[in-house]
Each structure stands twice: as C-alpha cells, then as structure tokens.
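Enquirer: Take a look at this one; I'll ask things after.
The values are calculated or read from the model by the stated rules, or taken from the named source; none is laboratory data. It should be emphasised that the depicted structure is a prediction, and the values quoted were computed from it without experimental measurement. Cβ sites come from the backbone with ideal geometry, for glycine too, and all protein chains shown count toward neighbours. Accessible surface areas use protein heavy atoms only, side chains included; no ligands, DNA or RNA. Shrake-Rupley method; radii C 1.70, N 1.55, O 1.52, S 1.80 Å.
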Amino acid sequence: MAAPDPEVGRRAFMAGTGAALLTGAVAPADARAAAVEGPTAVVDGPTAVVDGPLPDFHPALKAELTFPLAWGKSPIRDFRAWRRAARAKVEELLVVGSQDRTPYAPEFTDRHRQDGYTSELVNLSLTRHERVRAALLTPDGPGPFPAVLLLHDHGAKFDIGKEKLVRPWYDDTRLGSAQGWSERCFSGRFVGDELARRGYVVLCADALGWGDRGPLAYDQQQALASNFFNLGSSLAGLMAREDARAAGFLAGLDRVDRGRVAAVGFSMGAFRAWQAAALSDDLAAAAAVCWMTGLKEMMVPGNNTLRGQSSYYMLHPGLPRFLDFPDVASIAAPKPMLFFDGGLDPLFPADGVRAAHDRLRAVWHSRHAEERLHLKSWPDLGHVFVDRMQDEVFSWLDTVL
C-alpha cells in the first residue's frame, strides 16, 4: 500500500474546516472533549475551526480569562489607586500614544440658525495626523450650557456618521440617508437636534470610516484594522483617543459649563460613551444605550462578534487578560452612568447583560453611589434607541448634569 500523500490529507482537512465555516457545522463533542476540560487540556489531533468561526479549544481560552485587574479582584484596595492603575493598563493597550497635545485649532463654518439653536460645522485636530469635521449645535441664550458629546453607531452603514444623530442641514444628498436611519433606529428623531432644543451644546464627529472620513466598505474593516497593527497603531485605540480628545475640546468651549459634560451613544456609540467616560476626566457622566455585556457571555456561537470585521472598532488586543467590559466601564465610577439594553436585542445575550449589570452594580455599591447608576432593560425592544428611551435619557441628563 502506498504511503498517504500528506498534501492530500492537508487539503481534506482544510476542506472539512471550510465546510464547517460555511455551514456552521460543529465538530463532534468527543473530538472537542479535551478542550472543555480546562486551560491545561491537550487536544489530540489537529485543531479545527468550529462554531462560525472559533478554535475548538475556545472553552479553554475562556477559562483562562479571570480579569485579575478588576475592582475587587485586584490586590489594589484603594479605589482611586485602582482607577489609576486600571486606566493606565487600558491606555497602554490602546497602542495609540496618549500624549498627543496637538492644538485643536478649530475653524467654524456653515453656521445656520435653527428653531431654538444654531448649527455649525467645526474642523479641528483630534490628533496630529488629520483634521476632522464635526457638527456643533448651540442652544439660544447666554450660556454657559451643559453639553453632550454625541457618539454615532456602527450599523454597517458608512455613508453617514455624525448625520445619523444630527440633521445634515449642509448636505441634501446625505439628508435622505440620514432620515432613513433616523426612522429605523430613533423613531424618526435626530437625537442631537432634540438635545440642542432642550438646552444642550452638542458635538458629534465622524469616526474613521464614516461620512467625511469614509465611506468604508463592510469587508474592508478587518484589513483596515490589520494595517493599523502593521503600522504599530490600532483602529480601536484611535477611536478611543479621538473620543477622549473630543470630550476635552467640548468641555473647553466658552459656551459650555465644563463641569456638566456627558457622553451619549447608541450601539457602538454606547461602547464609545462608557469607554470615553472611563478614560476622560472631562466627562461628568455617560449614557450608553445597547452596548454592555460580559465578554465571555458574548463570545458564544452565533454571536455577531464572531464575524470579525465590525468587532475591530471595539477590540483592544490583550485587554481581556486584565479587564472585562464592565470592569473598564467601572473606571468611571462613581460618575453618574446610565446603561439601557433591549430585551429582544440579538447582539447581546441576556445572561451577558445581567452579568455586566451585576458587576457594575457591585462597583457603584462599593463606592456608596448606587443612586448614580441607572440600569434598565426594555423587554419589548431590540437594538434601537426609540423615542421613549430617548425621553428617559434626556430626563436623566437633566437630573445629573
């Protein structure tokens, strides 16, 4: 009998792996049994890719994630010292340098009077690398006003960014797209304009890939992120740094009461909001709608995170070795923080939301600040930020700022 051709065997293995990826098929339980025994388990035979796609030893990798820097697990017992250490670790793993003190050098254009507020565009330097165009809304009156850093979602829709939340008075072409998105996610409202009418200065800029800084194609995201890594930088880290810098610009405006600035966001914007509150002392509060979970509970077969692509905007390599998502958000404690989720949201499993909320509740309780943490699940809603949710966020902002 002729010796088996190793190349044929390799092709057969790769074909089987490809079929699993395409069909969502899972390797038989006995083939993966060793993987679920714990972090020291050894898998006999070749490693497979399963569950669309995960390595078949992913349970062992999960078991290794103990989040040792989390408040309560860390050996650091003084909360302020813990906050400094936890923030420093997050900032280290953003990869993007933290000392960018490039002057903002704002240039204001396209000023337009609205009903109860004024809209304008502002070009500014959030980093030393490029200028960014943002929408800035200012209520009528003498000020100084409370302010909101408004952070747009992902949605796999890249032609508009800031226009998802602020009505684009400056671009009729984008207006139709923006109105459609507003109907889909926000009950036909432009959240930024609603906030301005209620007396808040609003700043909303495009993240890299959206609107003026795009449009990016969905299947280009992973390549963009890998190119950042090859350039010694990070796509997610850039977004985090830019959001923190934007908070500093907004808080420093003469028209703004710098002690009354909050971040507000939906979906990826919610991730950005609590992340910015953790990283920036210029933010006094944050409202995050439809983005909070435990990492382990999210990393399950079928979850959108496993598809890669969009995940790279929220992926800081190595951070899960130290902190879970709610642990990072807890760096903001005891600031007032609001977290909403939709009970029908397919992106965030209910057990992950519960685990994260329990963790957040424990941290704010440890600071004797339970009343500053507002957690709520909307059982009849999915991944949306509809008018009744908005109204509750607006009322909450009026209370905490």
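Enquirer: Which stretch or stretches of the stretch 144-165 have amide N atoms under 18 Å from the point lying 7 Å from R372's Cα along the Cα→Cβ direction?
Expert: Once the point is set 7 Å along Cα→Cβ of R372, 147 turn out to lie under 18 Å by backbone N, inside the stretch 144-165.
Enquirer: Calculate the length of the line joining the C-alpha centroid of the stretch 265-295 to that of the stretch 83-161, in whole Å.
Expert: What the calculation gives is 15 Å, centre to centre.
Enquirer: By average Cβ neighbour count within 10 Å, what is the ranking of 213-220, 278-285 from highest down?
Expert: Highest mean packing first, the order is 278-285, 213-220.
Enquirer: Mind checking the per residue accessible area of the stretch 223-285 for me, 1.4 Å probe, whole number of Å²?
Expert: Each residue of the stretch 223-285 exposes 28 Å² on average to a 1.4 Å probe.
Enquirer: Also, I was wondering about something else. Explain nothing, just compute: Karplus ³J(HN,Hα) = 6.51 cos²θ - 1.76 cosθ + 1.60, θ = phi - 60°, for every residue of the stretch 333-339 in order, whole Hz, x for Gly and Pro.
Expert: Coupling constants for the stretch 333-339: 4, x, 4, x, 9, 10, 10 Hz.
Enquirer: Now, a different point. Please report the net charge: other residues with Cβ closer than 14 Å to the Cβ of T138, K and R +1, D and E -1.
Expert: -2
Enquirer: Of the beta bridges DSSP finds with both residues in the chain, what % are antiparallel, to the nearest 5?
Expert: Once the DSSP bridges in the chain are tallied, antiparallel ones form about 45 percent.
Enquirer: Per residue, how much accessible area does the stretch 137-201 show when a 1.4 Å probe rolls over the protein heavy atoms, in square angstrom?
Expert: 34 Å²
Enquirer: Over all directions, what mean area does the Cα convex hull of the stretch 285-401 project, stated in square nanometres?
Expert: Value for the stretch 285-401: 7.5 nm².
Enquirer: Using mean Cβ contacts within 10 Å as the protection proxy, how do 378-387, 347-356 order, highest first?
Expert: Going by the mean number of other Cβ atoms within 10 Å, highest first, we get 347-356, 378-387.
Enquirer: Among 80-87, 186-193, 102-109, 150-157, what's the highest-first ranking by average C-beta atoms within 10 angstrom per residue?
Expert: Packing order, densest peptide first, comes out as 150-157, 186-193, 80-87, 102-109.
Enquirer: Let me ask you something else. Which percent of the accessible heavy-atom area of the chain goes to carbon and sulfur, probe 1.4 angstrom?
Expert: 54 percent
Enquirer: Leaving out ligands and nucleic acids, and using a 1.4 Å probe, what accessible area per residue does the stretch 356-401 come to in Å²?
Expert: 50 Å²
Enquirer: What residues qualify as long-range amide H neighbours of G199, i.e. H under 5 Å apart, gap of 5 or more or another chain, H built at 1.01 Å from N?
Expert: When sequence neighbours closer than 5 places are left aside, there are no close amide H contacts.
Enquirer: Turning to a different aspect of this structure: Apply the Debye scattering formula to the stretch 54-188, with a single equal point scatterer on each alpha-carbon and no solvent, then give log10 I(q)/I(0) at q = 0.12, 0.16 Å⁻¹.
Expert: -0.81, -1.03
Enquirer: A further question on this structure: Could you list which residues have their amide H under 5 Å from that of G209, counting only those 5 or more apart in sequence or on another chain, with H placed in the peptide plane?
Expert: G214
Enquirer: Still on this structure, I have one more. Using only Cα atoms, find the angle between the long axis of helix 221-230 and the longest principal axis of the chain, and express it within 0 to 90 degrees, rounded to the nearest 10.
Expert: 90 degrees
Enquirer: Now for a separate question. Would you mind estimating how fast the chain diffuses translationally, via Stokes-Einstein at 4 °C and 1.567 mPa s with the Kirkwood radius over Cα pairs, in µm²/s?
Expert: Answer from the Stokes-Einstein relation: 58 µm²/s.
Enquirer: Quick check on the chain: helices-only [θ] at 222 nm, where DSSP H runs of length 4 and up contribute -39,500 (n - 2.57) each and the sum goes over total residues. Nearest 500, please.
Expert: Dividing the helical sum by the residues of the chain leaves -11000 deg cm²/dmol.
Enquirer: How large is ³J(HN,Hα) for each residue in the stretch 290-303, as worked out from phi by the Karplus curve 6.51 cos²θ - 1.76 cosθ + 1.60 (θ = phi - 60°), to whole Hz, x for Gly and Pro?
Expert: 6, 6, 6, 6, x, 4, 4, 6, 7, 7, 10, x, x, 6
Enquirer: Skipping prolines and chain starts, which residues have an amide H placed within reach, meaning under 5 Å, of the one on V50, given they are 5 or more residues away or on another chain?
Expert: When sequence neighbours closer than 5 places are left aside, the close amide H contacts are D56.
Enquirer: If you line up the long axis of helix 235-251 against the longest principal axis of the chain, both from Cα atoms, how many degrees apart are they, to the nearest 10?
Expert: It is inclined by approximately 20 degrees.
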